[in-house]
Amino acid sequence: MPITETQRQNRIKHLGGSDIPILFGLNRFKSLADLYLEKTGQLEEQSEQSEAMLAGTLFEDGVIQYAESKLGKIRRNQYRSAKDLPIGSNIDGILIETGEPVEIKVEGLFWKLRDGWGDENTDQVPYDVILQAHAHMLCQEADACHIAAFLGGRGFRMYKIIRDIEVEQRIKEVATDFWINHVLTGIPPQHNLPSIDTLARVKRQPESTVEIDDNLVSVWLAAVESRKMSEKAEETAKSALLAAFGQAEAATCKVGLVTYLEQSRRGIDTKKLKQEQPELAVKYETITTHRKLNFKKTETENENQ
């Protein structure tokens, strides 16, 4: 379910259930450095959901209805926090009868279903889901967590995780250590880099400048040059390959078939639209912004070359 503005603000104040797997290196999309920047309030909010995230959100309502048909009535979208710990969970649902949390998962709609999902009515789920379930149980003080899932190619599935005190204790230790030694102190985790997507969201001060190690710039410039050389080599190889086609649109070789077929896609001629329907063009015009990394040599550096 989409989180509320209150939930979004609360996320900065604690580690959520979905954050716990990141602490153990078990999140496919976020690193510890990404989490640090988020929890210290250094990131701009994401304005849009990805297509996969939107699909998951839309599917969740059906999955929770399926869970109710198996488990009974569910109180949806509940927040619980762990006493004396920097952990709080936005739980998809809590069973009214037993108080046990319910986590909703929608996976395998846009890419191959990942490993870890086992037989229904077992505890065979991916490790990150096990940790998230334990965060929910810790916050709700429950002894079990139900996982209701819609898995691409398999359909609806139900799983159940039983509380493991050793796992819970480890979560407490790792979460407390990260919060005290990194979030509260403002010291980022060592040997761990944020993703490019996360760095693009960092709040930056206009017209501010800092001094950095020359080697960081040199390594980046070398990587840029290497990429350009690689792209040039690819272009040359592609030209040689297509030249060998002659006037054909396909070619065979011992290792397979190579094709060069026409493709088409629909689009809008924005130039013509602005000329013939300027008011309509303005009405639907969107402006996007992004940052571009550039390098300019200093005057001294230019004079020495």
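Values in this text are rule-based calculations from the coordinates and carry no lab data. What you see is a predicted model, and the numbers here were worked out from it, not measured in a lab. Cβ placement follows ideal geometry from the backbone for every residue including glycine, while neighbour counts extend to all protein chains displayed.
Before moving on, here are some points about what is shown:
- Spatially proximal lysines relative to Lys30 (Cα-Cα < 25 Å; intrachain offsets below 8 disregarded): Lys13, Lys39, Lys105, Lys112, Lys172, Lys203, Lys292
- The chain: relative contact order in percent, alpha carbon pairs under 8 Å with at least 6 residues between: 17 percent
- Here the chain is treated with +1 on each Lys and Arg Cβ and -1 on each Asp and Glu Cβ, and its dipole about the Cα centre works out to around 600 debye.
- Sequence-distant lysines (8 or more away, or on other chains) whose Cα lies within less than 23 Å of Lys238: Lys228, Lys254
- Of all beta bridges that DSSP places with both ends in segment 5-199, some 70 percent have antiparallel geometry.
- Each label was represented as a point 7 Å from its Cα along the Cα-to-Cβ direction; for Tyr127 and Ala243 these points are 5.1 nm apart.
- Neighbour cut-off at most 13 other Cβ (10 Å), DSSP loop, chymotrypsin sites (Phe, Trp or Tyr not before Pro), segment 229-305: Tyr260, Tyr284, Phe295
- Paramagnetic label reach from Arg75 (point 7 Å along Cα→Cβ; backbone nitrogen cut-off under 20 Å): within segment 153-175, no residues.
- Prolate/oblate/rounded call for segment 1-151, Cα gyration tensor, a/c under 1.5 rounded: rounded
- Site-free segments of the chain were taken between trypsin sites (Lys or Arg not before Pro) in DSSP loops having at most 12 other Cβ atoms within 10 Å, sites themselves excluded; the longest one is 115-202.
- Looking at segment 242-305, the GluC sites (Glu not before Pro) that sit in a DSSP loop and have at most 15 other Cβ atoms within 10 Å of their own Cβ are Glu249, Glu262, Glu285.
- Asp119-Ala144 FRET efficiency (beta carbon distance; Förster radius 30 Å; 0.05 resolution): 0.95
- Put in line by how crowded their Cβ is, counting other Cβ atoms within 10 Å and starting with the fewest, Thr185, Thr176 read Thr185, Thr176.
- The Cα center of segment 52-118 and the Cα center of segment 242-305 differ in position by 41 Å.
- Cα-based helix-to-principal-axis angle, 214-245 vs the chain, degrees rounded to 10: 70 degrees
- Prolate/oblate/rounded call for segment 117-272, Cα gyration tensor, a/c under 1.5 rounded: oblate
- Cleavage-rule hits, chymotrypsin sites (Phe, Trp or Tyr not before Pro), segment 87-163, DSSP coil, Cβ neighbours within 10 Å at most 16: Phe110, Trp111
- Net charge of the neighbourhood of Ile22, taken over other residues with C-beta under 9 Å away and scored Lys/Arg +1, Asp/Glu -1, is -2.
- Dividing the summed helix terms, -39500 (n - 2.57) for each DSSP H run of n ≥ 4, by the number of residues in the chain produces a 222 nm estimate of -12500 deg cm²/dmol to the nearest 500.
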